[in-house]
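Enquirer: Input: one structure, supplied below.
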Amino acid sequence: MVNETIVIKVGEVYKEIIKEKTSLNLFMLVKMDDFIDKWTLIVAANWVDPHNLNVTFDYMLSKLRKELSPEEGSQIARVGIFTPHDQLVQEFTRSVVVADSEPIRLVNAQVNGYKVHEAWIFRSIA
């Protein structure tokens, strides 16, 4: 199944980034709000430069393209790059804590006003 494959492969991207960068506050594959058929990858870390988000965006795209087939990649509609201080990040990291464990799955959940249809949260720490 494509969704399971995407989750596994995005998990490999997560592991590679943790090895290279050593820290992430939020790493989550999510279908939320109006995006019910496509995934959004949300990444937040203290090494993200808010004045130069393109560097982190390009870094993430290169990791995803290396791991995902074009068909799998087409299932990800957005890649959101944030700092740990952004409101969305703070709301998720306060509500859901995932540290050094297996990712958790949320289905049809409400997280501080955000409608989450489905999410795989690999890391969520304040």
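No lab work stands behind these numbers, since they all come straight from the coordinates. Remember, it's a predicted structure, so these values are computed and weren't measured experimentally. When we count neighbours, we look across all protein chains shown, and the Cβ atoms used for this are built from the backbone with ideal geometry, even at glycine.
Enquirer: Which of TYR14, TYR59 comes first, and how do the rest follow, when ranked by fewest Cβ neighbours within 10 Å?
Expert: Fewest-to-most ranking of TYR14, TYR59: TYR59, TYR14.
Enquirer: Which number gives the lysine pairs in the chain that have C-alpha atoms under 15 Å apart and are eight or more places apart or on different chains? Mind dumping the intermediate values first?
Expert: Values: LYS9/LYS63; LYS9/LYS66; LYS15/LYS63; LYS15/LYS66; LYS19/LYS63; LYS21/LYS63; LYS31/LYS115; LYS38/LYS115.
Lysine pairs meeting both conditions in the chain amount to 8.
Enquirer: In Å and from the alpha-carbon atoms only, list the Rg and Dmax of the stretch 24-98.
Expert: Gyration radius and largest Cα-Cα distance of the stretch 24-98: 12.6, 34 Å.
Enquirer: Fewest first, what order do ARG105, ARG123 take by the number of other Cβ atoms within 10 Å?
Expert: Fewest-to-most Cβ neighbours within 10 Å comes out as ARG105, ARG123.
Enquirer: Let me ask you something else. What value, in deg cm²/dmol to 500, does the helix sum -39500 (n - 2.57) over DSSP H runs of n ≥ 4 give at 222 nm once divided by the residues of the chain?
Expert: Dividing the helical sum by the residues of the chain leaves -12000 deg cm²/dmol.
Enquirer: Using θ = phi - 60° and the Karplus form 6.51 cos²θ - 1.76 cosθ + 1.60, what ³J(HN,Hα) does each residue of the stretch 19-28 get, whole Hz, x for Gly and Pro?
Expert: With coefficients 6.51, -1.76 and 1.60, one gets 5, 7, 9, 6, 9, 8, 8, 9, 9, 8 Hz.
Enquirer: Using θ = phi - 60° and the Karplus form 6.51 cos²θ - 1.76 cosθ + 1.60, what ³J(HN,Hα) does each residue of the stretch 119-126 get, whole Hz, x for Gly and Pro?
Expert: 8, 10, 9, 8, 7, 7, 9, 6
Enquirer: Report P(r) for the chain: all Cα-Cα distances, bin width 10 Å, range 0 to the bin holding the largest distance, values in whole percent.
Expert: P(r) for the chain, in whole percents per bin: 13, 49, 35, 3.
Enquirer: Once you keep just the Cα pairs under 8 angstrom separated by 6 or more residues, what percentage relative contact order results for the stretch 2-124?
Expert: 32
Enquirer: Taking every DSSP beta bridge with both residues inside the stretch 2-124, roughly what % is antiparallel (nearest 5)?
Expert: 75
Enquirer: Also: So if I place +1 on the C-beta of Lys and Arg and -1 on the C-beta of Asp and Glu, and nothing else carries charge, what would the dipole magnitude of the chain be about its Cα centre? I want it in debye, nearest 20. Walk me through the intermediate numbers first.
Expert: Values: 14 positive and 17 negative charges, 26 e Å.
Magnitude of the dipole: close to 120 debye.
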